[in-house]
Structure formats: structure tokens, C-alpha cells
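Engineer: Got a structure here, written out as C-alpha cells. Questions coming.
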Amino acid sequence: MQIILRNYKDSDFQAVKQNIIDGGIFDPVRDTRENLRKKIKYDPESIIIAEKDGELVGNVFFFEDGWAAHLFRLVVREDYRGKGVAQMLMNEAERRLRDRGIKQQIMFVNEKSPRLIEHYKKQGYKAIGTYRFMRKVFNGENYNS
Ligand SMILES: CC(C)(COP(=O)(O)OP(=O)(O)OC[C@H]1O[C@@H](n2cnc3c(N)ncnc32)[C@H](O)[C@@H]1OP(=O)(O)O)[C@@H](O)C(=O)NCCC(=O)NCCS
């Protein structure tokens, strides 16, 4: 299976948005076209797209500011799961971070996905605590996700 990994560009937005919605981790506050534009302006390598025959089949986001590195929005299209696409995306994100001299990266995994937690453990990740995400939306609107 010939999968190409490349950097996100603005015209990928609809495909990425749909993929993240389908993966169940879309956030309407953060995952806007404008925010993704800003994100790649700060760091053009920070959204990685997996593509097969010109179609998006997966994506992962990271952020890294010299102090911390976190990985988000790892989603593989349902019809491409179980083929190692997530592994490719993770390896590439980790390689980019290591090349920048980053010593560790942290990701957040839903406690309701024990199989996924075990999978990440197999990849060398360790569970380091149980925390609750808390959020304040500055314009005061309520969002459900
Ligand atoms: C998590 C995800 C990216 C894995 O993509 P993938 O390319 O299919 O990865 P793989 O098939 O190599 O499987 C990796 C792990 O996904 C999980 N997984 C795969 N199929 C699964 C299923 N049907 N149900 C639950 N977990 C499953 C398993 O933990 C699996 O690891 P294992 O093979 O060691 O058990 C994909 O399932 C997805 O997009 N899920 C929805 C979004 C999400 O939860 N993202 C993770 C955020 S931390």
C-alpha cells in the first residue's frame, strides 16, 4: 500500500475536518480553518497528512514550542484502519520531534479506550497519571464537545 506522508495545506481543510469528525474527536472551537492556517504559519510541519492516491486517509497534529511537545488528532479513516497508517503517522511525528532535539512527547488517550492505551504502551508510552481536561471558552459560548 503506497501511503504518502506530507505537510498539511489549507486546501486539505474539509477532508481533515471530516476525518476528525468521523474519528469522534472534532472540537468546533479549535478545529477551524482559520486556526489550522495559523497553526501551520507558526509551524508548517505540525500537521501531517497520510494520503493514498490523492485522498486523505489519516492525519496527526503536534505542537512543540521548545519546552513541551504534544500529539493530537491522530485519526485514520475507518476503511484504512488496521493497516499501520496510525503507526506511520506516529513514527513521522516522533521523528520530527526527535530531530528538533525534543526529549519526550505527551499525548492524551481516552480512558474508555483500554485497547488503545495498551497499543501505545507497546510503542513505548507509559501512563503517567489521570487528569481531567478542563476548558474555558473566552467568548463564553457553550460547546458540547
Ligand atoms: C486509533 C486509530 C488512529 C488507529 O489507527 P489504525 O491505523 O487503525 O491503527 P492500527 O490498526 O495499527 O491499530 C492501532 C490500534 O488501534 C486500536 N484499534 C484498532 N482497531 C480497533 C477497534 N476496532 N476498536 C478499538 N480499537 C481499535 C487498537 O488499540 C490497535 O492496537 P493493537 O493492534 O495493538 O490492538 C484509529 O482507530 C482511529 O482513528 N480512531 C478514532 C480516533 C481516535 O480515537 N484517535 C486516537 C486519539 S489518542
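The values are calculated or read from the model by the stated rules, or taken from the named source; none is laboratory data. Since the model is a prediction, treat every value here as computed from it, not as a measurement. Here Cβ is always computed from backbone atoms with ideal geometry, including for glycine, and neighbour counts include all displayed protein chains.
Engineer: Out of the stretch 1-12, which residues are under 14 Å from the mean Cα position of the chain (by Cα) and surrounded by 13 or more Cβ atoms within 10 Å (Cβ to Cβ)? First the steps, then the outcome.
Structural biologist: Within the stretch 1-12, the subset under 14 Å from the mean Cα position of the chain (by Cα) is 5-8.
Selection gives L5, N7, Y8.
Engineer: Every residue in the stretch 44-83 that is assigned to a loop (DSSP other than H, G, I, E, B), away from the ligand (no atom under 14 Å from the Cβ) and over 13 Å from A93 (Cα atoms), please.
Structural biologist: So in the stretch 44-83, the residues assigned to a loop (DSSP other than H, G, I, E, B) come out as 44-46, 53-54, 65-68, 77, 81-83.
If we keep only those that are away from the ligand (no atom under 14 Å from the Cβ) too, we end up with 44-46, 53-54, 65-68.
Across the stretch 44-83, the qualifying residues are D53, G54, D65, G66, W67, A68.
Engineer: Cβ-Cβ under 6 Å, sequence separation 6+ or interchain: first residue in the stretch 79-93 and modelled with pLDDT of 95 or more, partner of a type in the set (F, W, Y). Which pairs?
Structural biologist: A93/F62
Engineer: How about the stretch 1-34: which of its residues are more than 12 Å from the ligand (Cβ to nearest atom) and hydrophobic (A, V, I, L, M, F, W, C)?
Structural biologist: Keep residues of the stretch 1-34 that are more than 12 Å from the ligand (Cβ to nearest atom), which gives 2, 4-18, 27-34.
Hits for the stretch 1-34 are I4, L5, F13, A15, V16, V29.
Engineer: Show the residue pairs that are 6+ apart or on different chains and have beta-carbon atoms under 8 Å apart, the first residue being within the stretch 100-128 and touching a residue at least 24 places away in the same chain (Cβ under 8 Å) and within 11 Å of the ligand (Cβ to nearest atom), the second being assigned to a helix (DSSP H, G or I) and hydrophobic (A, V, I, L, M, F, W, C).
Structural biologist: Close Cβ pairs satisfying both conditions: Q123/M90.
Engineer: Next up: Which members of the stretch 52-68 meet the condition of being more than 16 Å from K9 (Cα to Cα), surrounded by 10 or more Cβ atoms within 10 Å (Cβ to Cβ) and of a type in the set (G, A, S)?
Structural biologist: A68, the sole residue that qualifies.
Engineer: Quick check on my filter: what residues within the stretch 52-71 are hydrophobic (A, V, I, L, M, F, W, C) and touching a residue at least 12 places away in the same chain (Cβ under 8 Å)? Can you show your working first?
Structural biologist: Residues of the stretch 52-71 that are hydrophobic (A, V, I, L, M, F, W, C), as a first pass: 56-57, 60-63, 67-69, 71.
Result: L56, V57, V60, F61, F62, F63, A68, A69, L71.
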